[in-house]
Amino acid sequence: MDDTGAKNPDITAQQGSDTESKDSVPTASTCRLLTLPSEILHQILLYLPAISLYAISLTCHSLQTHSFTDPLWENIIDSPDLVSPHPYLSYRSLHHALAPHLYLKRKIFIGDRQYFGSLLVSKFMPISGTLEAFSFTAPPSRDIAEITAWSYNPDVIITPFSPKINIREEPELKIAPNSRASEDGEIPVSRRGILATYFRAEAILQQDVYSQMAVWPPRTIPAETRVRNESSNGFKGGTASRQRGPFIRLPSNISINGTFVSVGGFNDVMGAAVDRSAFITPPSKAQNDDDKWIPDEMKQKSGFLSQKAFRLRRWAVLGDTSGDLENRFRMGERVETFAELDEELWTPTPEYPYRGIWVGDFGPHGAEFLLFHQPTTSSSQKRLEVIKLTGDPNIPRGEYTWIVDDLSQPVRTADEEETEWPGAKVYSARGHIAAHEFKDDKFIDVQAILPLPEKDWQDAQEQREITPSEQDVGEAEESERSDDIGEGWGVGSQERLGPGGRSRRHGNTEPAASLLDQPWVPRRVAVYWHGMAELIHLYYRADIGKFLD
């Protein structure tokens, strides 16, 4: 019997101390990350992108539990207009169902349709749990009896113009959890009378754009990244367009309002339909497909999937549309590229009050949407550029329509006898005109009349005080008009997020405040086209914000 320990108590004490030390220090097989308090671990996970959260959930049960915490996914979705993940059970389920297309939520996109262009609002639909994009409409309301002569110069006619801005009932694009990508990586978006598919575009950094490159958005509109909008093969990248990104398998169904729905093409949660034909390889280094999926702050070269652009391919099929549509003859196939219009460009500030999306009267061409752009500058010489978001065969989308070079130098101030806009500032400006198909374009002298915002704001406040019967009639007429236009498929009127839509949906009693409620925000301008005709066209600000909520 070995009694060394009994005879030598110091050795026994030392052995006990060593045992306790080994128990308290993590071994090589222990994950040090798991020894952190839950609060600190949560803060670390807040910095991870979605792809990393999905990956870390596959490592062990403990990290899976932490990564499934819903505030993490609410932080990733980062949408203040979503007060809940409804109709999904959690924000993680919402992300799993619609990734990687959540960039479509609450955005304004401009399309490059030849000459005419288009303007879309995209958003998350909280009833159906889908992402949808709707096109804007602004049919003008004209009455010949309202044509008046300008009090300052009776020989000049002021054309009446009162547009009713709305969005079409049927969406141009609808991404649902069970949307499935075809073999070429494009997602079908069925529409009445015409077939269409949706696919992603690849971004081009501004430093890689050369002068002859056809890009969208147009160079007249500032943007950090652009995408190609011309392709010799119709943006068909062959097998390369089937690239799907990292394959991370997740459960193949989710619950919407208690009903389990197949997620279809989104089982590979970071997969995406992409367009490879616009790929650019910088001269310094080759492009790696894995680089498409790195975080935004690591994207330092062109070729990654754009979070600010997508494409719609449209075509028609004659006869029976049942059966295999992919191998049938397509008529009139065309691809329209859509690019996000940065919110800063259409949000007015006290320093740049004219920024915004406006609607202008263009005579026989009807109403068109315009971007009033005020470039940021530290100089007192402020510039106002008016760019067409939708156009016509004379001055197409993306071109300037008129420009005021210096807002600090008005040529005159309207007096009180000029009853249409007393106190307005009148500026010398340049108006853009051209022949059909944008031929022989040139700038002519015009005058921009900028009424006092405070005066127009007071008038608008007075006009809002209408009787209930007048309001009911107005809403009925607009509802009837909206039902009569639009094409495709999608949601009913109960899901259109028009004026007051969000307050009804979430039970709020007060609608969100609009920038148009601020007295410093201009509501209308006028342009006297004296270099072309003795007439004045009117322009009104569009309250875009109410269609985003």
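The values are calculated or read from the model by the stated rules, or taken from the named source; none is laboratory data. Keep in mind that what you see is a predicted model, and the values were worked out from it rather than measured. Neighbour counts are summed over all protein chains in view; Cβ atoms, including those assigned to glycine, are modelled from backbone coordinates with ideal geometry.
Structure data summary
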{"quantity": "Residue check for F199: assigned to a loop (DSSP other than H, G, I, E, B) and either in contact (Cβ under 8 Å) with a residue 60 or more places away in the chain or among the basic types (K, R) (or both)", "calculated": "no"}
{"quantity": "Test: residue in the range 118-136 that is surrounded by fewer than 17 Cβ atoms within 10 Å (Cβ to Cβ) and among the aliphatic types (A, V, I, L, M)", "calculated": "yes"}
{"quantity": "Selection count where residues are in a loop (DSSP other than H, G, I, E, B) and among the hydrophobic types (A, V, I, L, M, F, W, C), scope the range 391-416", "calculated": "4"}
{"quantity": "Qualifying residue in the range 416-432 (condition: in the same structural domain as W529 (by TED's automatic domain parsing), touching a Gly at 6+ places or on another chain (Cβ under 9 Å), among the hydrophobic types (A, V, I, L, M, F, W, C) and modelled with pLDDT of 95 or more)", "calculated": "no"}
{"quantity": "Residues that are part of a loop (DSSP other than H, G, I, E, B), surrounded by 23 or more Cβ atoms within 10 Å (Cβ to Cβ) and in contact with an Asp or Glu (Cβ under 7 Å, 6 or more places away or on another chain), drawn from the range 381-390", "calculated": "T390"}
{"quantity": "Complete set of residues in the range 59-118 that are within 30 Å of D392 (Cα to Cα) and of a type in the set (S, T, Y)", "calculated": "Y103, Y115, S118"}
{"quantity": "Odd one out for V215, checked against (1) of a type outside the set (F, W, Y); (2) closer than 20 Å to P396 by Cβ; (3) touching a residue at least 40 places away in the same chain (Cβ under 8 Å)", "calculated": "(3)"}
